[in-house]
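Let me begin by presenting the structure, written as structure tokens, before commenting on it.
What follows draws every value from the coordinates through simple rules; no lab data is involved. Just so it is clear, the model here is predicted, and its values are computed rather than measured. For neighbour counting, all protein chains shown are included, and Cβ atoms are generated from backbone atoms with ideal geometry for every residue, glycine included.
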Amino acid sequence: LQMSTLEVTEEVRQYLKTPTFDNWQWEDAEIMVLLQLMYTDLDFITTFHIELEVLQQFLYEVYKHYNNIPFHNFNHCFCMYGLIWLTDLRSKIDEIDLLTMLTSAVCHDLDHTGYNNAYQINARTELALRYNDISPLENHHCAVAFEILEKPENNIFRNLTTEQYKRIREGMIKCILATDMTRHNEILNQFKSILPVFDFSNKDHKDKLMMTMIKVSDISNEARPMDVAEPWLDCLLQEFFNQSDMEKLEGLPVSPFMDRDKVTKPSSQTGFIRFVLFPLFMELANLFPNLEQHIIDPVRKALDYYTEMEKALEKEKKEKQN
Ligand SMILES: COc1ccc(NC(=O)[C@H](C)Nc2nc3c(cnn3-c3ccccc3C)c(=O)[nH]2)cc1
Ligand SMILES: [Zn+2]
């Protein structure tokens, strides 16, 4: 079903800018058109002289380089766009940094195989060897993005100056590498430390903000309405269980939060929401107050939902024992 940008109604264009956007309603070809719309509606086509057929070719190559796995597929992390509009970032940072953030988000999990860094390192995969155990996945995602951009027919940055290209490349490397969750505390603490004196014209501050925002968009599925968020969690656990099954088969260490014999949906989520999502989202909300209502409130509802589910499971287990 080919849908050209023209056929996308004004209502869908507005809906796409909100954190409630439901990606499950759209086929991949339509998602491709919606991604194209993001570059158009943020004025990147005019500002950076991006030819439409190059953008389409770039997005098609990105689409082809994502794998058909339950969670880290082409649809994942669609909400950087919603975050850009929600925080009114266009009035605070340069267009070139917005272009960096959106392109980083679109590319940040390219060619993910469904096995995380711990697996890559423990199984001594080709990626772990190539990147010396240093964020092997994120280094690979970023390298694939620039291999795609190396081809002129895909290079959406080809009409930029060398200086602009250098700046985008540096920014995309920082942002994509920042999505390695083992660096979560490092990045959050750095952002926390500059917050009291935050200055949007300070490059170092802006880098830390961009890294924090791609992290927020990367793990924010629980900020979406429950009927959008819950299928994402089912997909994530499918991927995690597939990895831990493989680790058991190969006699490799199994991460506890991935073990199907230990993890339940509520138990994984209540901890994750309280100790990972809330601290990160609340920190960013210091800079953008309306995140409270549009991102943090939905996550509070998700926490209540999973806490109730946890209690029901506990009760059920007790009744079975008696
Ligand atoms: C600090 O490193 C961590 C911390 C937490 C987790 N994951 C969890 O605690 C559990 C399994 N839940 C979880 N993990 C999630 C979500 C969204 N992204 N995400 C995720 C996916 C892949 C890798 C890491 C994370 C956090 C989510 O909604 N829930 C995984 C890695
Ligand atoms: Zn991701």
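Has segment 187-205 got any residue that is within 16 Å of ligand 2 (Cβ to nearest atom), among the charged types (D, E, K, R) and touching a residue at least 24 places away in the same chain (Cβ under 8 Å)? It would help to see each step written out before you state the result.
Let us first name the residues in segment 187-205 that are within 16 Å of ligand 2 (Cβ to nearest atom), namely 187.
With the extra rule that they be among the charged types (D, E, K, R), the set shrinks to none.
Within segment 187-205, not a single residue is within 16 Å of ligand 2 (Cβ to nearest atom), among the charged types (D, E, K, R) and touching a residue at least 24 places away in the same chain (Cβ under 8 Å).
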State whether one or more residues within segment 29-43 are closer than 30 Å to residue 199 by Cβ, within 16 Å of ligand 1 (Cβ to nearest atom) and not in a helix (DSSP H, G or I). no
With the requirement that a residue be more than 25 Å from the chain's Cα centre (by Cα) and either within 16 Å of ligand 2 (Cβ to nearest atom) or under 15 Å from residue 265 (Cβ atoms) (or both), what does segment 233-250 give you? none
Looking at segment 231-250, can you tell me whether even one residue there is away from ligand 1 (no atom under 16 Å from the Cβ) and in contact with a Gly (Cβ under 7 Å, 6 or more places away or on another chain)? no
Checking residue 260 against (1) closer than 30 Å to residue 84 by Cα; (2) surrounded by 14 or more Cβ atoms within 10 Å (Cβ to Cβ), only one condition comes out false. Which one? (1)
Can you name the residue in segment 211-229 that is in a helix (DSSP H, G or I) and within 10 Å of ligand 1 (Cβ to nearest atom) and is also nearest to residue 112 (Cα to Cα) among such residues? 218
What are the pairs with Cβ atoms under 6 angstrom where one residue, in segment 139-160, is crowded, with 17+ Cβ neighbours inside 10 Å and the other, located anywhere, is in a helix (DSSP H, G or I) and of a type in the set (D, E, K, R)? Sequence gap at least six, or different chains. 148/61; 154/61
Residue hits (segment 173-210; within 15 Å of ligand 1 (Cβ to nearest atom), in a helix (DSSP H, G or I) and either buried (at least 18 other Cβ atoms within 10 Å of the Cβ) or under 14 Å from the mean Cα position of the chain (by Cα) (or both)) are 176, 177, 181, 184, 187, 188
Go through segment 267-322 and give me each residue that's without any contact (Cβ under 8 Å) to a residue 12 or more places away in the chain and outside any helix (DSSP H, G or I). 289, 322
Mind checking which pairs have a first residue in segment 243-265 that is assigned to a loop (DSSP other than H, G, I, E, B) and a second that is of a type in the set (S, T, N, Q), Cβ under 7 Å, 6 or more apart or different chains? 252/122; 253/122; 254/244; 255/244; 259/244; 260/244
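Pull up segment 81-98, narrow it to residues that are on the phi < 0 side of the Ramachandran plot and not in a helix (DSSP H, G or I), then point me to the one that is surrounded by the most Cβ atoms within 10 Å (Cβ to Cβ).
Top of the filtered list is 87.
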Members of segment 31-72 that are without any contact (Cβ under 8 Å) to a residue 12 or more places away in the chain and of a type outside the set (D, E, K, R): 45, 46, 68
Evaluation of residue 212 against (1) of a type in the set (Val, Ile, Thr); (2) away from ligand 2 (no atom under 16 Å from the Cβ); (3) in contact (Cβ under 8 Å) with a residue 24 or more places away in the chain (one fails), failing number: (2)
Among residues belonging to segment 32-80 that are touching a Gly at 6+ places or on another chain (Cβ under 8 Å) and under 29 Å from residue 291 (Cβ atoms), point out the one that is surrounded by the most Cβ atoms within 10 Å (Cβ to Cβ). 72
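Does residue 114 satisfy the criteria of being of a type in the set (Gly, Ala, Ser), in contact with a helix residue (DSSP H, G or I) (Cβ under 9 Å, 6 or more places away or on another chain) and over 22 Å from residue 174 (Cβ atoms)? Give the derivation first.
Values: of a type in the set (Gly, Ala, Ser): yes; in contact with a helix residue (DSSP H, G or I) (Cβ under 9 Å, 6 or more places away or on another chain): yes; over 22 Å from residue 174 (Cβ atoms): yes.
Here the answer is yes, as residue 114 does meet what is asked.
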